[in-house]
Structure formats: structure tokens, C-alpha cells
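Read-outs throughout are calculated quantities, based only on the coordinates presented, and are distinct from any laboratory measurement. Keep in mind that this is a model prediction, so the values were computed, not measured. Cβ sites come from the backbone with ideal geometry, for glycine too, and all protein chains shown count toward neighbours.
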């Protein structure tokens with residue numbers, strides 16, 4: 001056989017010249033320019049885009065990009081103690097198997113009659129999260145914890161008709177920036193004082209700030225600095241006594257062992273599902289959740305999709321669909337609640353698979369493992385001369401503040417030396433929280449072994465001893 | 001050969017199609033006490049023995065009762081979700097052109113392979129920059145490519161979707177005016193055929209929203225804009241081509257009028273696919289724009305994300321971008337140069353998303369651009385437009401279907417059609433037809449609300465489908481039109497070959513009956529449980 005000289009781009013079948021000519025003829029156009037007749041010549045870009053030469057051959061494309069990616073060092077190739085909102089947890093093979101399925105990966109916005117599985121999987125995600133969080137309702141995922149927290153506060157604002165949210169001051173500055181941008185100018189944020197020694201919220205300050213304008217009190221548990229807040233119920237009582245809602249951010253990964261915030265009075269719980277079966281992806285693996293009780297007034301304030309289960313014409317058959325769709329901006333544009341659109345649904349499906357695999361036993365084992373590992377790390381770091389770990393006097397789960405101020409070394413210097421040993425030291429907080437001195441946030445997951453910690457401690461001992 | 005190129009050849013319709021129907025349980029119904037899907041290793045003995053564990057935590061912080069998650073063995077969990085996946089009509093399986101405005105083009109598999117590399121998937125965002133030079137380079141070069149495609153001067157990849165990018169545009173518009181002492185500008189103008197989020201995200205930022213309705217040709221009019229614009233105008237958010245697929249030739253007049261009033265112009269380029277390399281935001285006079293990486297730049301839609309909304313601005317607005325952007329180290333060129341995160345954006349709106357956006361999505365978009373190059377990108381746009389006009393010709397011949405507005409004019413990448421005539425003749429609605437499409441393995445979406453076009457449906461073929469596949473889709477529409485006229489009951493009682501039958505929607509809007517989770521379902525519908 002002879003191979004035709006003319007060929008189409010693999011992604012563009014109708015670029016084959018014969019087909020293209022026939023289709024132009026079919027629509028009665030002499031040239032492509034005829035199809036763009038509505039675009040004034042002054043707006044036509046007649047140059048050639050300054051882009052690299054095309055790489056239509058897949059093998060060559062793969063090699064080109066793999067060579068670029070080869071410049072990255074993954075957490076598989078190092079020991080990582082980085083956390084601060086993103087964690088190197090294990091992702092079971094079945095999570096990857098399911099999220100790479102073409103059916104889920106390339107579906108989008110179909111109705112239950114063609115996307116039944118997508119609706120069921122996300123409904124099961126909502127349901128599994130509700131059990132983990134011990135709440136009635138969880139939404140289809142939003143972008144990330146940032147968005148989930150911001151929307152939770154806006155929901156509280158509409159629910160109470162009040163414009164102010166009080167936010168624990170120990171929050172991550174990045175998360176605060178995102179919440180601020182999302183809430184202002186419609187809502188105002190005020191920061192609550194916290195104890196620099198214990199990381200705990202300052203209840204006296206909270207009491208003083210609780211006015212008739214306050215829609216919500218927001219804190220995180222575990223907090224950004226790793227501390228567990230031990231005054232949850234007291235904060236809830238103060239907020240409720242003021243007619244405000246309590247909004248708590250949490251890491252669902254911890255809830256096999258930690259009490260879910262609903263059990264100490266949270267009205268809205270939010271956080272990130274990245275830690276449930278999703279890869280880090282350089283920070284792209286995030287997905288936010290919002291959970292509440294089943295109270296109509298509160299449910300009607302969700303901007304997100306809420307999938308529900310129902311019946312069909314055939315007895316015994318399940319059906320799924322959108323609950324209270326009329327809330328959304330899809331239904332009513334600017335009159336809807338905030339806005340809804342594409343967010344992180346696939347990460348929700350991964351989380352559903354993860355929670356189904358783990359079950360209550362897996363979540364408990366995981367939580368306990370991580371807790372013990374973090375305690376071991378804290379002990380080992382704290383035994384190093386001049387190192388205070390944990391630097392805050394509070395219980396912690398998988399992350400802790402470590403103060404290197406008394407070592408005479410900066411966190412930057414220490415991390416630089418660790419990097420030479422293929423160890424990613426904890427996040428340097430000396431810029432974000434200058435009041436904490438030369439402190440860093442160190443995190444562990446179940447993927448950090450005792451040997452990894454022992455080797456790291458030995459390296460640190462050498463680094464600090466060389467002072 | 002000639003007959004193959006004719007509009008009249010017989011069309012294939014998959015009348016024997018039936019969706020997978022596993023009659024699968026809910027995951028909770030698979031619960032078997034004692035089973036587990038994955039085993040988690042306990043901490044090493046040397047660790048467990050050395051630490052207090054749970055005893056270190058105050059009792060109120062401990063979970064008293066285990067969560068009622070189902071206990072299911074590994075293979076059964078796998079099977080469950082595989083079955084659910086088979087009951088989902090991914091774009092890879094169908095001719096997914098019925099979700100107009102969403103640019104359901106082919107997502108190349110090689111890009112998924114690259115994105116799942118540990119060199120991508122297992123990167124922590126706070127790693128030392130020297131250990132992530134590969135991904136930083138990709139993010140930076142993607143920025144450069146998008147500058148070229150838009151003509152604008154800087155991009156942030158941080159927004160995680162089109163709506164997030166719209167919020168970013170509105171946030172920058174607000175911060176810009178505030179920085180100039182013009183915070184009194186409290187109105188955003190948009191158009192009815194622009195995405196609902198253009199209006200909704202503006203309202204999130206406290207703006208009064210003014211929506212321009214369509215004129216006779218389906219486009220907003222300069223006269224209406226003149227009435228709307230004024231000293232309170234903060235900005236314009238507009239799609240072009242609008243969701244009708246009609247390009248607004250007056251777009252420069254729109255941006256000029258808004259600029260004369262002191263406002264900024266944000267281009268919603270969700271509908272970019274037909275005009276890549278053909279016309280740019282810069283020449284149209286825009287100050288901001290965004291591209292959907294998951295639409296125009298091919299990254300998979302993932303059941304609704306993760307996605308990417310690349311947000312572009314002109315130079316004077318660069319200081320307002322969310323932090324950080326990726327830059328190349330000063331003075332360095334070529335293979336050995338260094339990339340870093342630049343947080344020096346003095347008027348930054350702060351953060352729109354955690355860390356640096358969806359890097360795995362950015363990588364895929366980058367790979368897609370590299371695969372096509374300048375000529376391929378222009379060709380993708382042109383073929384998308386050719387496919388669309390080919391469909392326009394064929395769909396408007398279907399009994400009961402029409403393409404309102406701008407009769408006789410070309411459309412860009414999509415068309416908002418109407419079943420108004422068919423509905424009038426047969427009583428069959430666009431929603432009925434959408435359901436019936438599922439019986440043929442196809443998807444049809446009505447359109448965004450409100451339904452300005454009566455009984456609407458929006459078709460966007462993209463460049464990904466062959467002529468035969470486009471014909472097949474048209475064949476299904478024709479088949480259903482015939483059914484509507486001959487046997488409307490079949491259409492109105494659809495689906496017939498779906499996973500499930502007609503779903504009862506009354507539960508979804510009744511607070512006493514809605515069951516958003518398993519526990520609510522048990523409480524409200526299984527009282528014996």
C-alpha cells in the first residue's frame with residue numbers, strides 16, 4: 001500500500017485536507033476566512049503565534065516533557081517533613097485505578113440518565129464524609145479548604161444576617177488572604193488573639209469581640225501551627241450564646257481518632273479532602289468540603305451542588321439528582337448563592353474510594369500511626385540541643401511547631417544542610433510568624449519511617465553540632 | 001467518494017445501544033463487619049513503645065465512637081467503583097458535543113500519563129525551588145504561551161476553574177479602583193449570554209450587576225451599553241463569541257466605551273476555542289481575560305474538576321495578580337536557567353487557591369500546546385469553526401429545530417439552537433430530548449438558565465471529532481425528531497435504555513424528604529433502620 005502524503009494532526013481528524021475541502025464545500029465557504037466574516041479585520045491576528053514548533057509525535061512529546069520533569073525531585077526520592085496544608089500520604093492503588101478510568105476522568109456535566117455512576121459516586125462521597133464528620137450533610141467538593149472556609153463564613157453571614165466573622169489569628173496567612181478576598185467587602189473579618197505559648201484561642205478576647213454583628217467564629221482543629229484546640233466546646237458555647245455559628249476547619253485524615261468538630265458544637269465544618277486518597281500534585285491535589293446539619297435554612301445557603309438519592313418509576317431502583325437546585329447561580333445567576341461551577345469532583349471520588357477502602361478500622365489505624373510518629377519525631381527533635389519541639393505547649397496530631405532559635409542557626413541554614421542529605425525539612429515560618437523566632441512546621445505521615453526520622457535526627461545533630 | 005462528502009449520506013444511529021446496568025448496591029449496603037479494603041501498617045514497635053499515643057490527648061479531643069463507614073474487602077470496593085464508572089458516560093466514549101460552552105474536546109491520554117508521574121504527582125508545593133525546576137519551567141512557559149495567545153502581559157495559573165478566574169478578574173477590578181481612590185465604582189456590566197458566574201462572582205464581591213439583554217441579532221447592543229455605563233461602572237465582564245456562537249463585531253466599541261467611563265474590561269474567554277490564533281484579547285481592548293485549561297487546552301473535566309482557569313492581565317494590572325507567579329531568574333536564558341516563585345506583587349489580591357493552582361492541569365495544557373504548536377493551534381480553532389458551521393447546516397434542516405438570531409451568518413465555535421417549533425408541534429421539550437439522547441449513548445444539554453432561547457440546546461463540536469462522528473450525532477437528533485413527530489410518547493417516557501428509569505424529582509426539593517447522604521436516607525426513608 002502507499003501511504004498518503006497528506007495527513008491530519010492526530011488530535012484533529014478533519015484537518016485531513018480532503019475532508020476539510022469537502023466540508024468547506026458543504027457549508028458553501030470558499031476558505032476558512034469566509035467563516036470568520038464577523039471578525040473585523042482590525043481584530044484579526046495575522047501573524048504567527050510565537051510558540052515552539054509542534055511535536056505531533058507522541059513518543060517525542062513524552063520524551064521532551066519527561067526530560068523537564070526529570071529536573072524535579074519527588075517526595076519518593078527524599079524524606080519529606082513538609083506539611084502546612086499539603087501532606088505526603090499514601091494513595092492506595094485503587095484510588096488511582098478509579099480516578100484514571102476514562103469514564104470518570106472525562107465525564108463532566110451529564111444528567112443522571114447518562115452519568116448515573118458519577119452521581120452515585122459523589123453521593124456516596126457526601127455520605128461517607130457525613131459519617132466521618134458525624135454531620136448530616138456534605139457538599140460536592142469545592143476548590144479547596146480556602147474556598148470551603150470562605151464559603152462557610154459567607155453561609156453563616158446569610159444565615160444569621162450578620163456581617164462579621166471572627167477568625168482565630170493563628171490561621172495560615174495564605175488561607176486568611178484567600179478567605180479575606182472572598183469575603184470582603186460583603187463580610188468583614190476580625191482576627192482573634194491566641195496564646196503564643198499554647199497556640200490556644202484567647203477566650204477573653206473572643207468574649208470581648210462577640211457582638212450582635214458577629215455571624216461566625218472560625219478556628220481550625222488541628223490548627224495551622226499543628227496545635228489541637230482544647231477549648232472547642234467552650235468556644236462553641238460562647239458563639240452560640242451570642243447567636244453566632246461556630247465554623248471549624250479540620251483535617252478529615254485525623255478523624256479516625258480525633259473527635260469530629262460537630263461533637264463539640266460546630267455548626268459548619270470545612271476542610272480539605274486532599275488527605276483522603278489524593279496526590280499532592282505540587283499543591284494541585286486539593287479539594288474542599290463543607291458539612292452541616294440537615295436544617296432547611298442552612299442547607300439553602302450552600303452554593304454548591306448537593307446530590308440526593310431518590311426513587312424511580314421502577315420500585316426498588318435508586319435515582320439521583322440535584323437537591324434544591326434553585327439555590328444555585330446556575331439557576332439564578334447573581335441572585336443565586338455565591339457561584340457554582342467546576343471545582344474538584346474527581347478528588348471527591350478519590351476520597352469516596354479511600355474511605356470505602358479504609359473503613360473505620362483503617363482510619364483509626366492510620367490516625368494512631370501518624371499520631372505516634374509525630375510524637376516520636378517531637379521527642380527526637382526536642383532532645384537535640386537548643387531545639388524546642390513542640391514549641392507550643394499543646395497536643396498535636398501530625399504536625400508541630402519546632403523552634404530552632406536557641407541553636408544559633410536559622411531554619412533556612414538548617415533546611416539547606418538537610419537538603420544535601422535528601423531531606424526536606426519543615427516549612428520555615430520565620431517570615432510568616434516572626435514572633436515565633438526561627439521556627440518551622442514539621443509534619444509526618446504514615447510514609448515517614450522510624451528509620452527516616454532517626455537518620456534525620458542524626459543529620460540534624462551533625463548540622464547543629466557543627467555550630 | 002463524492003457520496004461520502006455529501007450531506008445526504010445515510011447516518012448511523014446506535015439503536016441497539018444500552019447503558020451498562022449493574023444494579024449495583026450503595027457502598028453502605030456492601031458493609032460486612034470485619035472486612036477491610038486496605039491494611040494500614042502500625043507504627044514501628046520502636047516508635048509505639050516510646051510514645052504516649054492517644055494518652056497524650058485530652059479525652060474530649062478523642063473520638064468516642066468509630067465513624068459508621070462501611071467495611072468492605074478490597075476487590076469488592078474496586079468492583080463497586082468500576083461498575084459506577086461503567087455507568088458514567090465519559091467523553092472518551094461518546095460524541096460529546098452536546099455540552100456546548102464546555103469545549104468537550106479530546107483529552108490526550110499521554111498528558112494523563114505525564115501528569116501521573118511521581119515527578120508530578122508526588123511533589124510537595126513547598127519544596128525547595130531547586131528540587132522543582134521542571135514543573136516551575138512548565139508553569140512559566142505556559143504563562144508565556146498564553147500571553148502570546150491573548151496578547152496580554154502576565155498570567156496567574158492560580159484560579160482552579162473558570163468561575164474562580166472570573167472571581168479573580170472581579171477582585172482585581174475592585175482592588176485596582178480602590179488603589180486609585182475610586183472605590184465608589186460599584187457596578188459590573190455583563191451580558192445575558194455570558195456565563196452565569198460572570199454575574200454571580202461579581203455579586204460575591206458586592207457589586208451591583210447590570211445585565212445587557214440581547215438585541216435582534218442575539219448580541220448586546222452598543223446603545224444598551226451606553227445607557228448602562230457611567231461613573232459607577234467598575235468594569236465589563238463579557239464573553240465573545242457569546243454563548244450563541246455569534247461573534248460581536250462591535251467588541252472594540254464596547255471596551256472603548258467602558259474605558260472612557262473609567263472602567264476595566266474583563267474578557268470571559270471560555271469560548272476561546274474557535275478564535276485561538278485568529279483574534280486576541282489585546283486587540284479587542286481588554287485589560288483582563290481568562291482561559292479554561294480544561295476546555296480550550298484539552299485537560300480532562302474529571303466529573304467537574306480539578307480544572308484550571310488561567311487569568312491574564314495587562315502590565316498595569318500585574319501587581320494585582322494573586323501571589324505568586326513563576327518567573328525566570330534575572331538575566332538567565334537557555335536550558336540552564338533557573339525558575340522561581342515571585343511573591344513581589346505589591347497590590348496583590350492575595351490568594352485565590354491553595355499554593356500555586358492545579359499544577360497537574362497546567363502540565364497537561366502545556367503538553368497540549370507543545371503537541372500542536374502555533375499552526376496546530378490555529379488549525380484546531382479553524383476546524384472547530386468548520387465543524388460547527390457544518391453542523392449548523394445539518395441541524396437546522398432537522399424538523400422542529402432552528403438556530404435563532406443572525407440568520408444566514410456564520411457562527412464561531414458553537415450554536416445555541418432551539419426546539420421551539422418541535423415543542424409547539426409535539427409537546428416534546430428540550431429536556432425530554434436530552435433524556436432520550438441517553439438511550440442512544442449521547443449527551444445533550446439544554447443551556448444555562450434563564451432560557452432566553454426557547455427550548456434551547458447548545459452544540460459545540462470542537463476540532464476533535466471526525467465528520468462521520470458529527471454525522472452520527474446529527475443522525476441521533478434526527479431520529480429523535482422523527483420520534484417526537486411520530487411517537488412522542490417514546491420520547492416523553494425516556495429513558496428506556498439507561499441505568500435507571502424516570503427519576504422522581506419531588507424528593508429533591510422537599511426538606512422533609514431530601515436525602516443528601518446515606519444517614520439522611522436511612523432517617524427519612526428507612527424508618528425501620
note = Length-normalised contact order of chain B, Cα under 8 Å, at least 6 apart, in percent, tallies to 20
ask   = How large is the Kirkwood hydrodynamic radius of the stretch A:93-355, in angstrom, based on all distinct alpha carbon pairs?
value = 18.8
request  = Extending each Cα 7 Å along its Cβ direction at residue B:182 and residue A:237, get the distance between those two points in nm, one decimal.
outcome  = 5.4
ask   = What FRET efficiency, computed as 1/(1 + (r/R0)^6) with R0 = 35 Å and r the Cβ-Cβ distance, is obtained for residue A:293 and residue B:431, rounded to the nearest 0.05?
value = 0.60
Difference of contour (0.36 nm per residue) and Cα-Cα distance, residue B:55 to residue B:93 = 8.4 nm
ask   = Given Cα pairs under 8 Å that are at least 6 residues apart, what percent is the relative contact order of the stretch B:114-369?
value = 28
Peptide B:489-495, shielding by other chains (average Cβ, 10 Å cutoff) = 1
inquiry  = Taking a ≥ b ≥ c as the square roots of the Cα gyration tensor eigenvalues, with a/c under 1.5 meaning rounded and otherwise prolate when a/b beats b/c, else oblate, which class fits the stretch B:403-480?
reply    = oblate
inquiry  = Please compute, over every Cα-Cα pair in the protein assembly as shown, the percentage with a separation greater than 58 angstrom.
reply    = 8
message = What would the Debye equation give as log₁₀ I(q)/I(0) for the stretch A:105-154 at q = 0.14, 0.24, 0.28, 0.30 Å⁻¹, counting only Cα atoms as equal point scatterers?
response = -0.45, -0.97, -1.05, -1.08
ask   = Please report, for the Cα atoms of the stretch A:241-288, the Rg to one decimal and the Dmax as a whole number; what are they, in angstrom?
value = 13.1, 42
query = Ratio of Rg to Rh for the stretch B:349-500, alpha carbon only, Kirkwood?
reply = 1.07
key: Contact order relative to length of chain A, as percent, for alpha carbon pairs under 8 angstrom and 6 or more apart   = 19
ask   = residue B:223 to residue A:410: FRET efficiency via 1/(1 + (r/R0)^6), r the Cβ-Cβ distance, R0 60 Å, to the nearest 0.05?
value = 0.40
ask   = Antiparallel as a % of all DSSP beta bridges within chain A, to the nearest 5?
value = 55
request  = Could you state the orientation-averaged shadow area of the convex hull built on the Cα atoms of the stretch B:259-339, in nm² to one decimal?
outcome  = 8.0
query = Once chain B is represented by equal point scatterers at the alpha-carbon sites, with solvent omitted, what log10 I(q)/I(0) does the Debye formula produce at q = 0.06, 0.07, 0.13 Å⁻¹?
reply = -0.36, -0.49, -1.36
ask   = Could you work out Rg/(2.2 N^0.38 Å) for the stretch A:354-409, with Rg from alpha carbons only?
value = 1.45
query = Using mean Cβ contacts within 10 Å as the protection proxy, how do B:235-245, B:16-26, B:408-418 order, highest first?
reply = B:235-245, B:408-418, B:16-26
remark   = Whole-number value, in Å³ per residue, for the convex hull of the alpha carbons of the stretch B:114-369 is 124
ask   = Label point 7 Å out from residue A:66 along Cα-to-Cβ: which residues of the stretch B:83-115 have amide N under 19 Å?
value = B:108-115
key: Cα-based convex hull volume of the stretch B:119-182 per residue, rounded to whole Å³   = 132
For the stretch A:154-291, alpha-carbon Rg over 2.2 N^0.38 Å = 1.01
remark   = On the formula 1/(1 + (r/R0)^6), with r taken between the Cβ atoms of residue B:375 and residue B:129 and R0 of 30 Å, the FRET efficiency rounded to 0.05 is 0.30
Percent of beta bridges antiparallel (DSSP, the protein assembly as shown, rounded to nearest 5) = 55
Whole-number Å³ per residue for the convex hull built on Cα positions in the stretch A:221-307 = 126
Relative packing of peptides A:372-383, A:340-351, B:433-444 - highest average C-beta neighbours within 10 Å first = A:340-351, B:433-444, A:372-383
query = In peptide A:439-446, what is the residue-averaged number of other protein chain Cβ atoms found within 10 Å of each Cβ?
reply = 1
key: Packing-based order for B:377-386, B:479-488, using average beta carbon neighbours within 10 Å, highest first   = B:377-386, B:479-488
query = Rounded to a whole number of µm²/s, how large is the Stokes-Einstein D of the stretch A:316-418 at 25 °C and 0.890 mPa s, given Rh as the Kirkwood radius over C-alpha pairs?
reply = 131
task = Could you work out the mean count of beta carbons from other protein chains within 10 Å of each residue's beta carbon in A:415-426?
result = 1
remark   = Taking every C-alpha to C-alpha distance in chain A and binning by 10 Å from 0, the per-bin percentages run 4, 17, 24, 22, 17, 10, 5, 1, 0
